[in-house]
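Trainee: Quick one: structure below, then a few questions.
The values are calculated or read from the model by the stated rules, or taken from the named source; none is laboratory data. As the structure is a prediction and not an experimental result, all values here were calculated from the model. All Cβ positions, even for glycine, are placed from backbone atoms using ideal geometry, and neighbour counts span all protein chains on display. Ligands, DNA and RNA are stripped out before the accessible areas are found, and what is left, the full protein with its side chains, is counted by its heavy atoms. Shrake-Rupley method; radii C 1.70, N 1.55, O 1.52, S 1.80 Å.
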Amino acid sequence: MTFTLQIVTETTPFKGDFVGVNAIGLGGHFGHLLLKMNPKKSSTMEISETFPEILLLSSRTEKGMEQVMDQAKKTKITPEFAGLVNDVFGQEVRNHMYRAYAIVPPKTTDIKFKTQRADGGQRPIWWVFSGMGSQWNGMGAQLMHVPIFRDAIDRCDKVLAPRGLDIKHIITSTDKDIFENILHAFVGITATQIGLVEVLRALELQPEGIVGHSVGELGCAYADNCLTLEQTILAAYARGRASLESTLIKGMMAAIGLGYGDILSRLPKTIDVACRNSDTSCTISGPAADVEEFVAELKAKGIFAKSVNVANIAYHSRYIQPAAPILLKYLKEVIPEKTKRSEKWISSSVPKTDWSSDLATYSSPDYHTNNLLSPVLFEDAIKSIPSNAVCIEIAPHGLLQAILKRALPTKVTNVPLTHRSSPDGVKFLLDAIGQ
């Protein structure tokens, strides 16, 4: 077989499917690349009208960073161009200490990059799953534009639809009373967390550690591969169903701007500390009238106190005990076999002194029932987060940001994936990915 080699000295139409690119450096480095033509003959497609692109760039020097950004600003941004750039710079490039990203909306001519010099070295990623209080009306409406998220919600819908629940309606509805039904809150929060986990997995942003707050430990079980998607959403359904079917007092929970040590001596005998969030924050739980009176008393003294929407149920207190046998029964149907929890998953429902116990070792019906009954030991759990971690909050709303920023070392980077006040949930999510 004979091949003809043509020396290209002027602009020449390209014919064929492959082209070779060769680079010879002055320092003796050689690079060779064989490229196959894109089946699309030209890249003219504009960015989707509803979904912006994210560009990820890096360079060894500050000047190099400026040059790469300038070139990107001069180029028409198409999905193909964004894909090419992100394939190159989205991976860790050795000694590229300067990083930048930009969110590019449709038909934009003004690309604004956010830049930062990297610290050097791989920083550990931790996932934090929020619990009750992170739900809000329409929390999943914009996220449904993200195909990976939408696919996860579709799978949740197939599980819940036979049980009379429309999860798509629950997470997209603007009905102000939608979460007065506690069952809607549990499945809505959990489904949203499942969808966001799938987005992070697609980006290969796998965690070195995971922590959950209250029902957020169902998200931990899913992230730790202890529960399937179907089991996770059905466990949330079981939690809500047990709450509705139990005979409980009219309860209330409230967030307080005091730590466990400071609130304990002030508490009325009828009220329990439900969540130990940090040394300056806790959540109390008890009879509605008693909690209301105590909240008013604290406010009068200038102490932060705010009720949490829990549909009149005093979770993580002595008053939720009647729900235990019902929840355990339903969870045994959903989780027929217990699964060993990995070391990544830091328990917030079992004291550290009992982490070697059978209860703490496994993700089981007993573990998740205990989660409902026991105080949330979040303050202790997050002490395991390293001082240089990137801490990603996974929830319908970045509820724990204030607590995390105060409780964790200053070098920890806290990144919420969502925020209820954001006018564009997709852009907020892409910004979080860029960070």
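Trainee: Mind counting the residues in the range 386-430 that are farther than 24 Å from TYR260 by Cβ, open to solvent by 60 Å² or more (accessible area, probe 1.4 Å) and not in a loop (DSSP other than H, G, I, E, B)?
Mentor: Here the count works out to 1.
Trainee: Can I ask one more? Of all residues in the range 399-431, which are farther than 19 Å from ARG123 by Cα and touching a Leu at 6+ places or on another chain (Cβ under 6 Å)?
Mentor: GLY425, LEU429
Trainee: Select, from SER348, SER363, the only residue that is touching a Leu at 6+ places or on another chain (Cβ under 6 Å) and either surrounded by fewer than 17 Cβ atoms within 10 Å (Cβ to Cβ) or on the phi < 0 side of the Ramachandran plot (or both). Break it down stepwise before answering.
Mentor: On the way: SER363 fails: touching a Leu at 6+ places or on another chain (Cβ under 6 Å).
Just one listed residue meets the conditions, SER348.
Trainee: Identify all residues within the range 250-271 that are within 23 Å of LEU327 (Cβ to Cβ) and open to solvent by 70 Å² or more (accessible area, probe 1.4 Å); write none if there are none.
Mentor: Within the range 250-271, just LYS250 meets the criteria.
Trainee: Using beta carbons and a limit of 8 Å, which pairs, at least six apart or on different chains, have the first residue in the range 395-411 and under 9 Å from SER278 (Cβ atoms) and the second one among the acidic types (Asp, Glu) and open to solvent by less than 20 Å² (accessible area, probe 1.4 Å)?
Mentor: Listed pairs, sorted by first residue: LEU404/GLU393.
Trainee: If you check LEU327 against the conditions, is it in a helix (DSSP H, G or I), more than 18 Å from TYR237 (Cα to Cα) and either of a type in the set (Val, Ile, Thr) or open to solvent by less than 10 Å² (accessible area, probe 1.4 Å) (or both)? Spell out the reasoning first.
Mentor: Values: in a helix (DSSP H, G or I): yes; more than 18 Å from TYR237 (Cα to Cα): no; either of a type in the set (Val, Ile, Thr) or open to solvent by less than 10 Å² (accessible area, probe 1.4 Å) (or both): yes.
For LEU327, the condition - in a helix (DSSP H, G or I), more than 18 Å from TYR237 (Cα to Cα) and either of a type in the set (Val, Ile, Thr) or open to solvent by less than 10 Å² (accessible area, probe 1.4 Å) (or both) - is not met.
Trainee: Further, regarding this structure: Out of everything in the range 161-202 that is without any contact (Cβ under 8 Å) to a residue 24 or more places away in the chain and outside any helix (DSSP H, G or I), what residue ends up being nearest to ASP151 (Cα to Cα)?
Mentor: Selected residue: ASP166.
Trainee: Residue by residue through the range 9-29, note down the ones that are open to solvent by less than 100 Å² (accessible area, probe 1.4 Å), within 25 Å of PRO39 (Cα to Cα) and at pLDDT below 80.
Mentor: Correct list: GLY16 only.
Trainee: Do we find that ARG276 is open to solvent by 60 Å² or more (accessible area, probe 1.4 Å) and touching a Leu at 6+ places or on another chain (Cβ under 7 Å) in this structure?
Mentor: On the way: open to solvent by 60 Å² or more (accessible area, probe 1.4 Å): yes; touching a Leu at 6+ places or on another chain (Cβ under 7 Å): yes.
Criteria met by ARG276.
Trainee: Among the residues of the range 129-152, write down those that are open to solvent by less than 40 Å² (accessible area, probe 1.4 Å) and under 14 Å from THR418 (Cβ atoms).
Mentor: Within the range 129-152, the first condition is being open to solvent by less than 40 Å² (accessible area, probe 1.4 Å), and the residues that meet it are 129-135, 138-140, 143-144, 146, 149, 152.
The answer is PHE129, SER130, GLY133, SER134, GLN135, GLY138, MET139, GLY140, LEU143, MET144, VAL146, PHE149.
Trainee: Would you check which residues across the range 100-109 are out of contact with any helix residue (DSSP H, G or I) (no Cβ under 8 Å at 6 or more places or on another chain) and in contact (Cβ under 8 Å) with a residue 24 or more places away in the chain and list them?
Mentor: Initially, the range 100-109 is screened for residues out of contact with any helix residue (DSSP H, G or I) (no Cβ under 8 Å at 6 or more places or on another chain), giving 106-109.
Hits for the range 100-109 are PRO106, LYS107, THR108.
Trainee: Separate question: Which condition breaks for ASN225 when tested against (1) on the phi > 0 side of the Ramachandran plot; (2) touching a His at 6+ places or on another chain (Cβ under 6 Å); (3) polar (S, T, N, Q)?
Mentor: It is condition (2) that ASN225 fails.
Trainee: Would you pick out the residues in the range 286-307 that are open to solvent by less than 80 Å² (accessible area, probe 1.4 Å) and under 15 Å from MET253 (Cβ atoms)?
Mentor: Within the range 286-307, GLY286, PRO287, ALA288, ALA289, ASP290, VAL291, PHE294, VAL295, LEU298, ALA305, SER307 meet the criteria.
Trainee: Given the conditions (1) at negative phi; (2) open to solvent by 20 Å² or more (accessible area, probe 1.4 Å); (3) at pLDDT below 95, which single one is not true for ASN312?
Mentor: The failed condition is (1).
Trainee: Exactly one of (1) free of Cβ contacts under 8 Å to residues at least 12 places away in the same chain; (2) within 29 Å of ALA100 (Cα to Cα); (3) of a type in the set (Lys, Arg) is unmet by LYS114. Its number?
Mentor: Exception for LYS114: condition (1).
Trainee: Could you check TYR222 against (1) surrounded by fewer than 23 Cβ atoms within 10 Å (Cβ to Cβ); (2) part of a helix (DSSP H, G or I) and say which number it fails?
Mentor: With respect to (1) surrounded by fewer than 23 Cβ atoms within 10 Å (Cβ to Cβ); (2) part of a helix (DSSP H, G or I), TYR222 is out only on (1).
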